[in-house]
1. List every residue whose amide H lies under 5 Å from the amide H of Val62, counting only residues 5 or more places away in sequence or on a different chain, with H placed 1.01 Å from N in the peptide plane.
2. For His19, His30, give the ranking by accessible area with the largest first, probe 1.4 Å.
3. Residues with beta-carbon under 10 Å from that of Phe55, excluding Phe55: net charge, scoring Lys, Arg +1 and Asp, Glu -1?
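The values are calculated or read from the model by the stated rules, or taken from the named source; none is laboratory data. All figures in this text were calculated on a predicted structure; none of them were measured in a lab. Quick reminder, even Gly has a Cβ in these numbers, built from the backbone with ideal geometry, and neighbours come from all protein chains shown. Each accessible area value is taken on the protein alone, full model and side chains, heavy atoms only, with ligands, DNA and RNA left out. Shrake-Rupley method; radii C 1.70, N 1.55, O 1.52, S 1.80 Å.
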Amino acid sequence: AIQAKLEAALVGPGEDGGHGVFLMPTLPRHGCKHDELLLRVFDSCFTSIWNAVEFPATSVPVGSAPNGTPLGLQIVSTRGNDELTLGLAVELERAGLAFCTAPGDKSVGPSR
C-alpha cells in the first residue's frame, strides 16, 4: 500500500513513465563519524525505506556539516529509474553541487 502511494506521488496524475524524483537528506541529522551509525540504527530509516519498497536511491555528497562530517543528499525515483537517479547525481556533480571535502577541510564547494 505504501509503495503504491509513494509511486503515485512520484508519477503524478496523467503522467506516463514516472520520471519524478524525491530529493531528501541521506540521514535525519548531519553527518556521522565512522561506525557511529552502528549505535544509531534508526538513523538509517531515511535510506532503508527505499530498499523496502524497491525504489532506486542514489546518495551524493553535498559538502560538510559544521563539525566537519559529510552531508549527503538522496535522489529517489520509482522502480526501474536507476538511470534517472544516477544521471541526476552526475548533473549535480557537473553543476558543482555534489562534491566531497576532506575531513577537516573548512573550504566550501568543489575543489576544481
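1. Leu71, Gly72, Leu73, Phe99
2. His19, His30
3. Net charge around Phe55: -2.
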